[in-house]
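Only the coordinates and a few stated rules stand behind these numbers; no lab work does. A quick note: this is a predicted structure, and the numbers were derived from the prediction, not measured. Cβ placement follows ideal geometry from the backbone for every residue including glycine, while neighbour counts extend to all protein chains displayed.
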Ligand SMILES: Cc1ncc(COP(=O)(O)O)c(C=O)c1O
């Protein structure tokens, strides 16, 4: 088992910086930097290394499947989470009266894909967009509800909705469940069987510690043959190398959601990043991170300040605390002047943690916050 200290050693950013912005972009590890360098060298030396490049895509698919307790054939590799959501929702070919449920906690791009695909039949179930309960969904579920979308962890504040409860009531009403796990994958343990979801999307560049250009879609096996993609391409075929322009067959597994040439360089980087989880137990990673987040939340409370969603009570929290302030840009600049990198968004500065963060990182943040003039919190 790789310890948190050993894990951290692979990220040289910590030589200079208290890096707490994995909710935006994960830190660069030496293995990912090397994988990118190796890709460039191979390309320079030999031109296309097609077999090695596509092998990286398959390897990343296998590793992601392992991480979420799925099988490789349940995973599609797509260019972004937004495109993954589109591939799922459009492939359902919803009837004109089908209703889709989402919330204000959803990442905008996901909600926007839903709105653009299912239009006025998309209902937002919550009011304030900071916390979300199963009851919020229950009030909106009808015979017409076909799809329920819920984030595993909210990008706004790290709140973790009760996804299993929501999936339970959705399924009892005959609706499928889509989970956006982008703000959780890599930082919280994911078991798609336990979550009881039909679809799950997550991208590479945040807590999975890879780059933009790769995202994954999990498709429950019961959906494999039922999805009818609108957008397709040669990688969605039974045999992409059959080169038959006169027929459109669909791969029997999740791969039918794929379209054109995969992002081979980001896939190489993503595969190297996912290999960081070899010898790492996701449950231990989650516990390590939860300890850091709750320590920061307690200290914030101690200072008489608030994080977004503090009213949620005693729920398990994601890898982030979003510190509420009237001057997020000012607070971000103050933290940066102390070598602390967070991620301002909306009315807050988000501070997010990974297995590479330490108690000392939290203490550095707490000290810096004490120096932030009280009147500037707002
Ligand atoms: C929770 C969540 N979902 C989706 C996205 C969008 O992903 P993509 O840019 O790959 O479409 C983000 C990006 O920040 C996110 O935080």
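Please check: in the Gaussian network model of the chain (C-alpha springs, under 10 Å), which one of 218, 241, 155 has the largest mean-square fluctuation.
Looking only at 218, 241, 155, the largest GNM fluctuation is found for 241.
Of the candidates 12, 29, 59, which one comes out as most mobile in a Gaussian network treatment of the chain with C-alpha springs shorter than 10 Å?
Of the options given, 12 has the highest mean-square fluctuation.
Beyond 17 Å, what percent of the Cα pairs of the range 127-176 remain?
The calculated P(r) of the range 127-176 puts 30 percent of pairs beyond 17 Å.
Could you sort 102-108, 17-23, 368-374 so that the peptide with the highest average Cβ count within 10 Å comes first and the rest follow in order?
17-23, 102-108, 368-374
Mean-square fluctuation check for the chain, GNM, Cα pairs under 10 Å: which of 112, 87, 41 is largest?
41
Please report, in whole Å, how far the alpha carbons of the range 1-115 spread along each principal axis, starting with the longest.
Computed over the range 1-115, the largest-to-smallest principal extents equal 54, 39, 28 Å.
Which peptide among 177-183, 245-251 comes first, and what is the full order, when sorted by highest mean count of other Cβ atoms within 10 Å?
Ranked from most to least packed, the peptides come out as 177-183, 245-251.
Quick one: what does P(r) look like for the range 103-214 with 5 Å bins over all Cα pairs, in whole %?
Spelled out bin by bin, the range 103-214 gives 2, 12, 23, 26, 21, 10, 4, 1, 0 percent.
Hey, got the Cα dimensions of the range 219-339 along the principal axes, in Å, largest first?
67, 33, 33
Report the antiparallel proportion of the DSSP beta bridges in the range 70-264 as a percent, rounded to a multiple of 5.
Restricted to the range 70-264, the bridges split so that about 40 percent are antiparallel.
When you count, for each residue, the other Cβ atoms within 10 Å and take the mean per peptide, how do 345-354, 138-147 rank with the highest first?
345-354, 138-147
Looking at the P(r) of the range 92-147, how many percent of alpha-carbon pairs lie beyond 16 Å?
40
Hey, what D do you get for the range 246-310 in µm²/s if you plug the Kirkwood alpha-carbon radius into Stokes-Einstein at 10 °C and 1.306 mPa s?
96
Rounded to the nearest angstrom and ordered from largest down, what semi-axes does the equivalent ellipsoid of the range 175-282 get from its C-alpha gyration tensor (root of 5λ)?
For the range 175-282, the ellipsoid semi-axes come out as 26, 19, 11 Å.
Using the 2.2 N^0.38 Å rule of thumb for compact globular proteins, work out how the chain stacks up: its C-alpha Rg over that value, please.
It is 1.00.
So, how do all the Cα-to-Cα distances of the range 70-264 break down into 5 Å bins, in percent, from 0 on up?
Binned Cα distances yield the sequence 1, 8, 17, 21, 21, 16, 9, 4, 2, 1, 0.
Can you compute the modelled spin-label distance between residue 370 and residue 242, with each label point 7 Å from Cα toward Cβ, in nm?
6.8
What fraction of the DSSP beta bridges in the chain is antiparallel, stated in percent and rounded to the nearest 5?
55
Using only Cα atoms, what is the ratio of the radius of gyration of the range 55-134 to 2.2 N^0.38 Å?
Normalised by 2.2 N^0.38 Å, the Cα Rg of the range 55-134 equals 1.32.
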